[in-house]
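S.K.: Could you have a look at this structure, given as structure tokens, before my questions?
Every read-out reported here was derived from the displayed coordinates using simple, explicitly stated rules and does not represent laboratory data. What you see is a predicted model; the values in this text were computed from it and never measured. Ideal geometry is used to build each Cβ from the backbone, glycine not excepted, and the neighbour counts take in all protein chains shown.
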Amino acid sequence: MESPYNSTDVAGCENEPESLKVVFMESYEKCSFCGSKLVFSHDLNIGFLQVVEVARCPGCGVTMNPKKFTLQ
């Protein structure tokens with residue numbers, strides 16, 4: 001099992017935009033507990049003009065807090 005506390009040294013990436021993008025995407029798409037790839041679902045709430053994003057880990061069953069995005 002991989003430790004959830006591993007981090008990539010961002011300062012060592014020399015602030016290259018592509019390197020920072022890869023580091024961010026890996027941290028966003030992977031479960032912080034087991035390292036599995038998260039499954040995202042999006043629900044549209046027309047009444048409040050919002051999209052609600054819920055991330056779930058198929059490996060350990062953890063569900064992340066829903067994020068709400070306002071439609072314009």
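S.K.: Would you pull out the residues with amide H under 5 Å of Gln50's amide H, same chain only if 5 or more places away, H placed 1.01 Å from N?
M.R.: So Gln50 has HN proximity to Asn45, Leu71.
S.K.: Around Val52, what is the net charge, scoring Lys/Arg as +1 and Asp/Glu as -1 over all other residues with Cβ under 14 Å from its Cβ?
M.R.: Once positives and negatives cancel, what remains is +1.
S.K.: Okay, moving on. Starting at the first residue of the stretch 62-70, write each ³J(HN,Hα) from the Karplus equation 6.51 cos²θ - 1.76 cosθ + 1.60 with θ = phi - 60°, in whole Hz, x for Gly and Pro.
M.R.: 6, 10, 7, 4, x, 10, 10, 10, 7
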